[in-house]
Amino acid sequence: MLYGEEVIEKMKESLGENFLEGKVIERKEGVKKLVKKDVFVKVKREAQMDAIKTLLSMGDVYLIVMSGEDRGDVITVNYHFSLNYANPGKENVVTISMDVPKNDLKLQSLTAIFRGASTTEREMHEMLGIDFIGLKDKRHLFLPEDWPEGKYPWRRDEYGVKDMVKFTHKNVRSEVKKNE
């Protein structure tokens with residue numbers, strides 16, 4: 001069972017030049033102020049599945065959630081995992097991140113490994129425009145069905161969202177009035 005810095009060393013060894021950087025941040029948790037180590041690893045996009053397979057080889061792994069940030073020409077995608085979650089006191093959060101260029105917003109879906117990944121991938125698809133290869137269900141989770149195709153509210157280069165939100169709220173208000 002690997003923990004903290006050992007996770008980074010295993011990732012470096014496994015991924016080689018596809019490993020970009022890693023760090024460990026210690027934090028105290030709970031009433032007993034137990035020290036926990038959060039691991040952050042950045043990899044090249046090409047190493048997405050290799051990085052996750054390497055993590056799976058280290059112990060019990062649970063996908064917590066994904067997050068993303070528009071950084072201009074790229075979207076940084078973060079996979080947040082719990083490693084060794086079945087061993088209280090030895091679990092750590094491991095975040096694997098990669099930059100995905102906006103002109104090629106594609107990643108492999110993790111649904112074949114983590115069935116629950118579909119919910120968080122659907123959110124990233126509708127909010128940031130990332131196409132997950134292999135994700136079967138790409139329906140909206142949060143945005144209305146009539147949300148304009150190709151408009152992504154979490155993107156910095158999205159300039160029509162304010163008008164779309166007003167439009168959507170207007171539709172919702174008119175539906176509410178019809179039902180009163």
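One table, with the values for the structure above:
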quantity	calculated
Filtered residues of the stretch 25-48 (kept if surrounded by 14 or more Cβ atoms within 10 Å (Cβ to Cβ) and over 14 Å from Glu91 (Cβ atoms))	Phe40, Val41, Lys42, Val43, Lys44, Arg45, Ala47, Gln48
Residue match in the stretch 158-176 (condition: closer than 30 Å to Lys23 by Cα and modelled with pLDDT under 90)	no
Enumeration of residues in the stretch 105-142 that are in contact with a strand residue (DSSP E or B) (Cβ under 9 Å, 6 or more places away or on another chain), assigned to a helix (DSSP H, G or I), farther than 20 Å from Leu55 by Cβ and among the charged types (D, E, K, R)	Arg122, Glu123
Lone qualifier among Val65, Val41 - being closer than 30 Å to Tyr152 by Cβ, in contact with a Ser or Thr (Cβ under 6 Å, 6 or more places away or on another chain) and either assigned to a strand (DSSP E or B) or among the charged types (D, E, K, R) (or both)	Val65
Single residue of Val31, Val43 found to be under 15 Å from the mean Cα position of the chain (by Cα) and on the phi < 0 side of the Ramachandran plot	Val43
Any chance Pro144 is surrounded by fewer than 17 Cβ atoms within 10 Å (Cβ to Cβ), in contact with a helix residue (DSSP H, G or I) (Cβ under 8 Å, 6 or more places away or on another chain), without any contact (Cβ under 8 Å) to a residue 60 or more places away in the chain and not hydrophobic (A, V, I, L, M, F, W, C)	yes
Filtered residues of the stretch 6-20 (kept if surrounded by 11 or more Cβ atoms within 10 Å (Cβ to Cβ) and free of Cβ contacts under 8 Å to residues at least 24 places away in the same chain)	Glu6, Glu9, Lys12
Any pair with Cβ under 6 angstrom, 6 or more apart, that starts in the stretch 21-44 at a residue that is without any contact (Cβ under 8 Å) to a residue 24 or more places away in the chain and ends at one that is outside any strand (DSSP E or B) and surrounded by 11 or more Cβ atoms within 10 Å (Cβ to Cβ)	Gly22/Ile8; Val24/Gly4; Val24/Glu5
Count - residues of the stretch 68-104 that are under 15 Å from Leu128 (Cβ atoms), of a type in the set (Gly, Ala, Ser) and part of a loop (DSSP other than H, G, I, E, B)	1
Candidates Ile52, Ile8, Ile25 - the one that is within 20 Å of Leu110 (Cα to Cα) and among the hydrophobic types (A, V, I, L, M, F, W, C)	Ile52
Extreme residue, surrounded by the most Cβ atoms within 10 Å (Cβ to Cβ), among residues of the stretch 72-104 that are more than 21 Å from Leu15 (Cβ to Cβ) and in contact (Cβ under 8 Å) with a residue 60 or more places away in the chain	Lys90
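The values are calculated or read from the model by the stated rules, or taken from the named source; none is laboratory data. Since the model is a prediction, treat every value here as computed from it, not as a measurement. Every residue, glycine among them, receives a Cβ derived from its backbone with ideal geometry; neighbour counts consider all protein chains shown.
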